[in-house]
1. Mark the label point 7 Å from the Cα of Leu85 along Cα→Cβ and return the residues of the range 30-58 whose backbone N is within less than 16 Å of it.
2. Note the angle between two axes, namely the Cα long axis of helix 2-12 and the longest principal axis of the Cα atoms of the chain, as a number of degrees from 0 to 90, rounded to the nearest 10.
3. Pairing the Cα long axis of helix 15-35 with the longest principal axis of the chain, what angle in degrees results, from 0 to 90 and rounded to the nearest 10?
4. Taking θ = phi - 60°, what integer Hz values does the Karplus form 6.51 cos²θ - 1.76 cosθ + 1.60 yield along the range 101-112, in sequence order, with x for Gly and Pro?
5. Within the accessible area of the chain, what % is carbon and sulfur when the probe is 1.4 Å and the other protein chains stay in place?
6. In the chain, what is the volume of the convex hull around the alpha carbon atoms, normalised per residue and reported in Å³?
7. For every other residue with a beta carbon closer than 15 angstrom to the beta carbon of Lys2, add +1 if it is Lys or Arg and -1 if Asp or Glu, then tell me the sum.
8. Tell me which GluC sites (Glu not before Pro) from the range 40-117 have a DSSP coil assignment and no more than 16 other beta carbons within 10 Å of their own.
Amino acid sequence: MKIYKEFKEFAIKGNMFDMAVGIIIGTAFSKVVSSLVQDIIMPPIGVLLGKVKFENLAFVLQPQELDASGKMIQEEVVLRYGAFLQLTIDFIVIAFAMFVVIKVFNRVRKKAENEKDTSEATPKNVELLSEIRDLLKEK
């Protein structure tokens, strides 16, 4: 029963909605970063390394075997390290971007929680209303 109560409290506070939005945005962000790595970052690196397409980098552990009629007897066993390198770079870019986003979010949250920080000026109309309130309190 305690778990149900905690879940209900979690759902009511809006955390589930925030989490769902975060997952959707994260999925879209992941696709954008994958495209960035695959279509923008990797081609120049491949050209610099001798016109290599990273997706095609592989090490054949066991070649494909065919019989006399051309029918496949044994499938090819391949270690595709190029795809792994590309996904690793995807992960690094996503991790770095999330690090930057969280760092900025924490900085903004810390500034919002700091009540002594007076870097933002109070609007003039709020100051005037405060003065009027103080004058009315004196009477």
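1. Answer for the range 30-58: 37-58.
2. 80
3. 40
4. So the Karplus estimates, Gly and Pro as x, are 4, 5, 4, 5, 4, 5, 5, 5, 5, 5, 5, 5 Hz.
5. Working: 8030 of 12330 Å².
Here carbon and sulfur together make up 65 percent of the probe-accessible area.
6. Working: hull volume 39.5 nm³, N = 139.
Spelled out: Cα convex hull of the chain, divided by residues, is 284 Å³.
7. Once positives and negatives cancel, what remains is 0.
8. Hits after loop and neighbour filter: Glu75, Glu76, Glu115.
The values are calculated or read from the model by the stated rules, or taken from the named source; none is laboratory data. These numbers were taken from a predicted model, which means no experiment stands behind them. Note that we place each Cβ from the backbone using ideal geometry, even for glycine, and neighbour counts take in every protein chain shown. With ligands, DNA and RNA removed, areas are computed over all heavy atoms of the protein, side chains included. Shrake-Rupley method; radii C 1.70, N 1.55, O 1.52, S 1.80 Å.
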